[in-house]
Amino acid sequence: MIFDYETLKMLWWLIIGTLLIGFAITDGMDMGVAMLLRLVGKTDLERRTVINTIGAHWDGNQVWFITAGGALFAAWPMVYAAAFSGFYFAMMLVLFALFFRPLGFDYRSKIDSKRWRNNWDWGLFAGSAIPALVFGVAFGNLFLGVPFNIDNLLRVSYQGSFFGLLNPFALLAGLISIAMLIAHAGMWLQLRTADAVAERSGQYGRYALIAFIVLFAAAGFWVANLSGYQIVSMGDTQGHADPLAKVVTTAKGAWLNNYTERAWTVTFPVLAFAMALSALVFSKLNKPALGLISTALMLVGVIMTAGVSLFPFIMPSINNPNISLTIWDAVSSHKTLNIMLVAVAIFVPLILAYTTWCYVKMWRRVTVEEIETNTHGSY
């Protein structure tokens, strides 16, 4: 074996977090671009310009989403089962919304019809805004606890409903998700387009950054007053994973315990706020490259803040806190985690390498004039 069981459990928490960060920075940016499409593009040529900034990358960026889902299934099978049981209708909503993205990108400009293209624009918007909202809502519900049970045979059963997920705090988390992706996309478009489109992109990106700062701060105050989960006693973290072999209690503000016990973790929420503010400044100074780097680091800060706040919980149970799923007891076997670690060590660097290569080779500003002179070769 490469690592002991406890170390592997921790490594896989970091790996899945990294994959979620990669998904947010790349495919999340594409979603933000589609949400901004009709705001920053006032004419058909301008909208095509916006689409072509991500035309070469959007399908490759979805590899991060697929990889994260596969890693979740391989490393945390009980979480995968509970999530797809509890969030089934939400996941189906996301899946059907995502159908609009490949179809919209490929078919939007095939017919020279204003009505046809406008409909696809709204399809791209829905196919991006709905997943962004639902992913945020899902994370918000983790802080509140998910209504599921686990019986003595380790079978997961969900007692909630789809509309029960749409509570005020979860919707706030969904709005944070939308705001941060639009802000990230605004910096991207300010960098990759020119003239009026770039100016509008920076403007809407700054609006989204301000909204993000306000919403993220509000969520922080809300979390401080929520009933968080904390482990009272835990089985052997090196032993067989058993989600029924622990005692968990709830207490107001317990989600902030990790920040007092490990002071260095405060770095992550500070990073999110600091990078949002720096992106505002860089965008205003017309330095979108630095703004894009700032929003990417902002996303890192947000996702790590959520992960550290919940740690070591992955999916708390509101029905019975003792059966809440954690990184210590919701994992695959020691052998499985070791085998998957080898696969990750091989393929994640490959994904990073070809993603970086594609962005470097296809890096340029996309202009309205380019689309006008190459109308049949562009999206």
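The values are calculated or read from the model by the stated rules, or taken from the named source; none is laboratory data. This structure is a prediction, so every number in the text was calculated from the model and none was measured. With ideal geometry, Cβ positions are generated from the backbone for all residues, glycine too; neighbour counts draw on all protein chains shown. Areas reflect the complete protein model, heavy atoms only, side chains present, ligands, DNA and RNA absent. Shrake-Rupley method; radii C 1.70, N 1.55, O 1.52, S 1.80 Å.
What helices (runs of 4 or more DSSP H) lie completely within the stretch 1-66 and have 2 or more residues being out of contact with any Gly (no Cβ under 9 Å at 6 or more places or on another chain), open to solvent by 30 Å² or more (accessible area, probe 1.4 Å) and over 20 Å from E372 (Cα atoms)? Spell out how you get there, then give the answer.
Working: elements: 5-40, 44-54, 58-61.
Passing ranges, in order: 5-40.
I'd like to verify a number: residues in the stretch 68-87 that are out of contact with any Phe, Trp or Tyr (no Cβ under 7 Å at 6 or more places or on another chain), touching a residue at least 60 places away in the same chain (Cβ under 8 Å) and under 19 Å from V134 (Cα atoms), how many? Steps first, please.
As a first pass, look at the stretch 68-87 and keep what is out of contact with any Phe, Trp or Tyr (no Cβ under 7 Å at 6 or more places or on another chain): 69-71, 74, 76-79, 81, 83-84, 87.
Filter again for touching a residue at least 60 places away in the same chain (Cβ under 8 Å), leaving 71, 74, 76-79, 81, 83, 87.
Retained after the next criterion (residues that are under 19 Å from V134 (Cα atoms)): 79, 81, 83, 87.
Total meeting the criteria: 4.
Output the number of the condition that T336 fails; it satisfies all remaining conditions of (1) in contact with a strand residue (DSSP E or B) (Cβ under 7 Å, 6 or more places away or on another chain); (2) surrounded by fewer than 17 Cβ atoms within 10 Å (Cβ to Cβ).
(1)
Please state which one of A179, A211 is small (G, A, S), closer than 21 Å to R38 by Cα, surrounded by fewer than 24 Cβ atoms within 10 Å (Cβ to Cβ) and modelled with pLDDT of 95 or more. Let's see the steps before the verdict.
Numbers: A179 fails: surrounded by fewer than 24 Cβ atoms within 10 Å (Cβ to Cβ).
Result: A211 is the single residue among A179, A211 that is small (G, A, S), closer than 21 Å to R38 by Cα, surrounded by fewer than 24 Cβ atoms within 10 Å (Cβ to Cβ) and modelled with pLDDT of 95 or more.
I'd like the full set of residues that are of a type in the set (F, W, Y) and surrounded by 23 or more Cβ atoms within 10 Å (Cβ to Cβ), limited to the stretch 283-315.
Initially, the stretch 283-315 is screened for residues of a type in the set (F, W, Y), giving 311, 313.
Across the stretch 283-315, the qualifying residue is only F313.
Which ones in the stretch 291-333 are assigned to a loop (DSSP other than H, G, I, E, B), farther than 16 Å from G235 by Cβ and not hydroxyl-bearing (S, T, Y)? Quick ask: steps written out before the conclusion?
First, the residues of the stretch 291-333 that are assigned to a loop (DSSP other than H, G, I, E, B): 311-312, 316, 318-320, 324, 327-333.
Narrowing further to those that are farther than 16 Å from G235 by Cβ: 311, 316, 318-320, 332.
Hits for the stretch 291-333 are F311, P316, I318, N319, N320.
If you go through the stretch 352-374 one residue at a time, do you hit one that is open to solvent by 60 Å² or more (accessible area, probe 1.4 Å), modelled with pLDDT under 95, within 20 Å of the chain's Cα centre (by Cα) and not charged (D, E, K, R)?
yes
What do you reckon, is F139 open to solvent by 40 Å² or more (accessible area, probe 1.4 Å), touching a residue at least 24 places away in the same chain (Cβ under 8 Å) and either at positive phi or of a type outside the set (D, E, K, R) (or both)? Full working, then the answer.
Numbers: open to solvent by 40 Å² or more (accessible area, probe 1.4 Å): yes; touching a residue at least 24 places away in the same chain (Cβ under 8 Å): yes; either at positive phi or of a type outside the set (D, E, K, R) (or both): yes.
Yes: the conditions hold for F139.
If I ask for residues that are without any contact (Cβ under 8 Å) to a residue 40 or more places away in the chain and in a loop (DSSP other than H, G, I, E, B), which ones from the stretch 353-363 would you list?
W363 - this is the single residue of the stretch 353-363 that is without any contact (Cβ under 8 Å) to a residue 40 or more places away in the chain and in a loop (DSSP other than H, G, I, E, B).
Just to confirm my filter: which helices (runs of 4 or more DSSP H) fall fully inside the stretch 69-132 and include at least 1 residues that are within 24 Å of G377 (Cβ to Cβ) and open to solvent by 30 Å² or more (accessible area, probe 1.4 Å)?
Working: elements: 77-86, 88-98, 100-107.
Per the criteria, 100-107.
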